[in-house]
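The values are calculated or read from the model by the stated rules, or taken from the named source; none is laboratory data. Note that the structure is a prediction, hence the values are computed from the model and not measured. Cβ placement follows ideal geometry from the backbone for every residue including glycine, while neighbour counts extend to all protein chains displayed. Please note that ligands, DNA and RNA were not included when accessible areas were found on the heavy atoms of the full protein model with its side chains. Shrake-Rupley method; radii C 1.70, N 1.55, O 1.52, S 1.80 Å.
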Amino acid sequence: MGTLAGSVVIALTALSEANWLTAARVRRIGVVFAVMAVIFFSADVWLHTRAGVTDASGEQLGRDFVNYWAGARMAAEHRAPSVYDVKAFVSFQRAHTSAHANFKWYSYPPMTLLLSLPLAIMSFKAGFAFWLVAGWAACTALLKRMLNWPMAALAGFATPASFLNALSGQNGQFSAALLCGGVLMLGSRPLVAGTLFGLLCFKPHLAVLVPVALAAGGYWRAFGAAAFTALAITAVSALLFGQDTWAAFLHNAPINALLMEQGTDFWHRMPTVFAMIRLAGGNIALAYGVQIASALVAAFLTARIWRSQTTIARKGAALVLATFLTTPYAWDYDLVSLTFVAAWLVADGLQNGFRSWEKLLLAITVAMPLIITSMANQSHIQIAPLILGGMLLQTLRGAATQNQNRLAVA
């Protein structure tokens, strides 16, 4: 019995300290995952380009990327309001991809049309390649501020969230670059940081806690720049594409909420509290109630840590983690931001020391996007919010320790 208890203690210690999770091992795991991702992604591209840009079932190369490309093309052809006409939008897609292409509809605000407008001058395949490379380059350039170049390049691609983002043809790397890039620039270039935050208005549900963080931390120059940028992009999109485009978007906007509330086919891909409750069988009222409670707690904790004297690394990590506990709408590909959380907390841990379980929980957080989707699909149990919440609490504990140490020194 004593031997068994001793073995359990040794195993728990090994897990809590995770001394075996060295930089060399992480690098090897990243390389192996990168090779596997390239193989699977190449196979996916081949399946979708044997006869044009769709596979046998009609799924487009890059899946959701067709929305950004077709939306930009229609806007460039002075047909921006028709982007929100589902029948016209689907007809345009099929005319430029395949007659049997899958149904897609445009759910993004007109600011997205403005930001994606460069895609209009590219062919579909060239645009998709540009989309992937530009997203990877943006994340890699920012990660290089914390990691060496090879590791930054690897981290910008070889993570589960980045792989899912590439397969989906989604904007997860761009939104991660804007949100996390804003945090990285706060200390040295607050106006640039605010501009990056403001550009995230094309996905406002991922910027929901940015005003809370900036106000609590007293970053008023960045706050003003963010507000100005968001308002400017909104105004330019209205001037360029017309008020009819905004009216059409607002008319369709409730469909997003309806899909989220009734989306039994994709709740397993949504790492949110709302999806967790709905997937477990809870009704809409309960899901919203628990989500609101989670959001209030997350906002309070964000304000608290951003008011503290802890490092910007822990503040940024807390902001990202709390964001996913606040918004009811997010997808697995949006979790690219967790790569920055890992980079921040690893750098902070190397300098100030890791807390028990922190390294293991970080590894689980980064690996989570590839695990939770299949697990939730099979079991109807979405554990992503629990992992994100655990990581947020661990981040707050580390921040509290740093604050106490600073007070002791003072």
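Which of the residues spanning the stretch 260-278 are farther than 13 Å from THR327 by Cα and of a type outside the set (S, T, N, Q)? Matches in the stretch 260-278: GLU261, GLY263, ASP265, PHE266, TRP267, HIS268, ARG269, ILE277, ARG278. Within the stretch 99-112, residues that are in contact (Cβ under 8 Å) with a residue 40 or more places away in the chain reach partners that are open to solvent by less than 10 Å² (accessible area, probe 1.4 Å) and assigned to a loop (DSSP other than H, G, I, E, B) with beta carbons closer than 6 Å, at six or more positions or on different chains, in the pairs HIS100/GLY58; ALA101/GLY58; ASN102/GLY58.
Summed over the stretch 143-154, residues that are open to solvent by 20 Å² or more (accessible area, probe 1.4 Å) and assigned to a helix (DSSP H, G or I) total 5. Taken over the stretch 325-367, the criterion of being of a type in the set (Ser, Thr, Tyr), farther than 16 Å from ALA177 by Cα and in contact (Cβ under 8 Å) with a residue 60 or more places away in the chain is satisfied by THR326, THR327, TYR329, SER356. VAL38 meets the conditions (1) within 30 Å of ALA153 (Cα to Cα); (2) touching a Pro at 6+ places or on another chain (Cβ under 8 Å); (3) of a type outside the set (Ser, Thr, Tyr) in every case but one. The failed one is (2).
For every residue, the table says whether it meets (1) open to solvent by 60 Å² or more (accessible area, probe 1.4 Å); (2) among the β-branched types (Val, Ile, Thr).
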site	(1), (2)
LEU21	no, no
ARG25	yes, no
ILE39	yes, yes
TRP46	yes, no
THR49	no, yes
ASP55	no, no
TRP69	no, no
VAL83	no, yes
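Of all residues in the stretch 284-315, exactly one satisfies the criterion of being modelled with pLDDT under 95, assigned to a helix (DSSP H, G or I) and surrounded by fewer than 17 Cβ atoms within 10 Å (Cβ to Cβ), namely ILE312. Scan the stretch 239-258 for residues that are at pLDDT 95 or above, open to solvent by 30 Å² or more (accessible area, probe 1.4 Å) and of a type in the set (Gly, Ala, Ser) and jot them down. Listed by number, the list holds a single entry, ALA247.
Contact annotation: no residue pair with Cβ atoms under 6 Å, 6 or more positions apart or on different chains, pairs a residue in the stretch 244-255 that is assigned to a helix (DSSP H, G or I) with a partner that is modelled with pLDDT of 95 or more and surrounded by fewer than 12 Cβ atoms within 10 Å (Cβ to Cβ).
Within the option set ALA318, ALA376, ALA322, being touching a residue at least 40 places away in the same chain (Cβ under 8 Å), outside any loop (DSSP other than H, G, I, E, B) and surrounded by fewer than 24 Cβ atoms within 10 Å (Cβ to Cβ) holds for one residue only, ALA376.
Just one of the listed residues (PHE174, PHE163) is under 14 Å from the mean Cα position of the chain (by Cα) and touching a residue at least 60 places away in the same chain (Cβ under 8 Å), namely PHE163.
So that you can scan it fast, the table gives a plain yes or no per residue for (1) within 19 Å of the chain's Cα centre (by Cα); (2) small (Gly, Ala, Ser); (3) assigned to a loop (DSSP other than H, G, I, E, B):
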| site | (1), (2), (3) |
| --- | --- |
| LYS87 | no, no, no |
| GLN93 | no, no, no |
| ALA126 | no, yes, no |
| ALA137 | yes, yes, no |
| LEU167 | yes, no, no |
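Got at least one residue in the stretch 125-134 being closer than 27 Å to PHE249 by Cβ, in contact with a Ser or Thr (Cβ under 7 Å, 6 or more places away or on another chain), modelled with pLDDT of 95 or more and of a type outside the set (Gly, Ala, Ser)? Checking the stretch 125-134: not a single residue is closer than 27 Å to PHE249 by Cβ, in contact with a Ser or Thr (Cβ under 7 Å, 6 or more places away or on another chain), modelled with pLDDT of 95 or more and of a type outside the set (Gly, Ala, Ser). Residue pairs whose Cβ atoms lie under 9 Å apart, sitting 6 or more positions apart in sequence or on different chains, and linking a residue in the stretch 297-309 that is within 16 Å of TYR219 (Cβ to Cβ) to a partner that is open to solvent by 30 Å² or more (accessible area, probe 1.4 Å) and basic (Lys, Arg), are GLN309/ARG406. Scanning the stretch 325-373 for residues that are open to solvent by less than 40 Å² (accessible area, probe 1.4 Å), of a type in the set (S, T, N, Q) and part of a helix (DSSP H, G or I) yields a total of 5. From the list PHE223, PHE228, the lone residue that is surrounded by 19 or more Cβ atoms within 10 Å (Cβ to Cβ) and assigned to a helix (DSSP H, G or I) is PHE223. Scanning the stretch 55-76 for residues that are in a loop (DSSP other than H, G, I, E, B) and touching a residue at least 24 places away in the same chain (Cβ under 8 Å), which turns out farthest from SER237 (Cα to Cα)? If we take residues in the stretch 55-76 being in a loop (DSSP other than H, G, I, E, B) and touching a residue at least 24 places away in the same chain (Cβ under 8 Å), then SER57 is farthest from SER237 (Cα to Cα).
Quick one: is GLY52 more than 30 Å from SER237 (Cβ to Cβ), touching a Ser or Thr at 6+ places or on another chain (Cβ under 8 Å), not in a helix (DSSP H, G or I) and not basic (Lys, Arg)? So GLY52 passes the test.
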